[in-house]
Amino acid sequence: MTSAGNTIDDEDTFKILIATDIHLGYLEKDAIRGNDTFVTFDEIMKQAMQNEVDFVLLGGDLFHDNKPSRKTMHCCIEVMRKYCMGDRPIIFEILSDQAVNFSHSKFPWVNYLDTNLNISIPVFSVHGNHDDPTGTDGLCAIDLLSCAGLINHFGRSRSVEKLEISPVLLQKGNTRIALYGIGSVPDERLYRMFINNQVTMLRPREDEDGWFNLFVIHQNRSKHGATNYIPEQFLDDFLDLVVWGHEHECKIAPVRNEQQLFYVTQPGSSVITSLSPGEAVKKHIGLLRVKGKKMNLQKIPLQTIRQFFIQDVTLSEHPDLFRPEQPNVMLKVMAFCQEKVEEMLEEAERQRLGNPLTPEKPLIRLRVDYSGGFEVFNTMRFSQKFVDQVANPKDILHFIRHRESKDNIKEECMDFEALLSRPTSEVLQLRVEDLVKEYFQTAEKVCILYMCVEDADQSLVNIPLKRDRYQRFIQQFRDSKRNTAEEDEEVQEAIIRAKAHRDHRDSVRDDDLNLSDEPADIAVESDEESVCLCLCSVHLQNTNLKEVCIYVCK
């Protein structure tokens, strides 16, 4: 396969317009930037119509919000009806089982084959992380457009345990395309699924090598963490071109992966959603031509993108202009920053000349490194000077302070082939404590982390078990206390009855009073015989229990 050469359009050539991360509705309530996404989306679809493409391929995040507003949804439908509906014939056919490709839809077929619709430019799209399915029914904003017959939503899976990707098979003349897609999945989950061999990409049964394999993915491409991205090595090597969404920096020129032997194109976003250096790169969409196993990707610059200029300055690198200990140093720094902003405004004006589609007010960001003892000043007061000149007057300046980098920290290289080749059973049996112990056994002594308590994880597991045992002891003690209270009540009743009998005896036989100091027996009259009750209370040692003994003496 090659990425150059074929630019001639004929009956065997697919023409596909590629765009990602349009983010319709971003800052729609902003007085200056509110319509930027809608204007650019109109330009993208207009390019599709002017270039007479076979279909439009979107890489996710068509909407910025999971629940777009009525204004956003109205503008989207208005643009799609304007450019996607018409009498222009569709000259390619679909060969795959549409009931499998669009099984999540109540209308499991491509919209241009619906007899009730008149589609001139089909649109195929996966969902992104901004417009992903949510709720009990798992619906997203793209599902609304799919139900309305304006878009073909593919690459969706309802299973969280395994992912089986069935391609949409397209044919135009002698050229056949197998279109694969994965809608946005949490990166950690998808990473784990690749490691456990739970991702399967199905291939056509006949003539596997005769298909151009096009894959659309919406995940982190750059490494944000140990498992918070998808390495290119995870993807199958039979692919020809990967369209990578989610990343906003425009790297649309196809780059060959020398290990997997496929090409990767990263169109980037079509709207500036953050004032970062990656967003300052010129925005493009791509016109992909495919004939047989050959392809050509033409870059199309977007004209309606708002200009964005970003510059970094370090105050400590200009000792000839100001020093922290100098008087009125803050005023000198403010004048220096104002000069830099004015230079960027002049550059924006020069580039905007001759292009009436470019918005008038640019985005300006000056990042100021104030390390070395300098102090910051009020950015809002500074920005008031440029309210009528820039589109972002509230955040022109951004003060930063860089930390010293550690040269002795080396980035660890991961062997993805060894990781993917590990048996699934071995991966599933891994435990966190095993990985921790393996780290302490293999890590270098200089960089090793010291564990405060060995086997502390096992001790923490045992704590709930001991707590349950203590709770059982406490409950048993409370039950015994309750039984003791009942016994004390019985003793008190026996004492009261004994006192009553004694008072009755004393009133009848006053002359038999025993005035000695020895304890007196309590005589009780009975029909059968006279008995003597001896009451004694015994306190058991080291307990709160009390035993009452009643001795019966004839």
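A few comments on the model shown:
- Prolate/oblate/rounded call for the stretch 14-301, Cα gyration tensor, a/c under 1.5 rounded: rounded
- Per-residue Karplus couplings for the stretch 309-316, computed as 6.51 cos²θ - 1.76 cosθ + 1.60 with θ equal to phi - 60°, are listed in order as 10, 9, 9, 10, 10, 10, 5, 5 Hz, Gly and Pro entered as x.
- Placed amide H near LYS251: partners under 5 Å, 5+ positions off or other chain: GLN266, GLY268
- Long-range HN-HN contacts of PHE212 with modeled amide H, under 5 Å: ARG176, ILE177, ALA178
- From phi via Karplus (6.51, -1.76, 1.60), per-residue ³J(HN,Hα) for the stretch 251-264 in Hz, x at Gly/Pro: 10, 6, 5, x, 10, 7, 8, 5, 7, 8, 6, 10, 9, 10
- Local charge for LEU241 was computed over the other residues whose Cβ lies under 12 Å away, with Lys and Arg +1 and Asp and Glu -1, and equals +3.
- Taking amide H atoms as placed 1.01 Å from N in the peptide plane, the amide H of GLY245 lies under 5 Å from those of ILE217, HIS218, GLN219, each 5 or more residues away in sequence or on another chain.
- Label-point separation in nm, LYS332 to GLU93, each point 7 Å along Cα→Cβ: 7.8 nm
- Computed 3J(HN,Hα) for the stretch 188-197, one whole-Hz value per residue from the Karplus formula 6.51 cos²θ - 1.76 cosθ + 1.60 where θ = phi - 60°, is 4, 5, 5, 4, 5, 5, 5, 4, 8, 6, glycine and proline marked x.
Each reported figure results from applying straightforward, stated rules to the coordinates on display, with no laboratory input. Just so we're clear, the structure is a prediction, and the values are computed from it rather than from any experiment. Every residue, glycine as well, gets a Cβ built from its backbone with ideal geometry; the counts of neighbours run over all protein chains shown.
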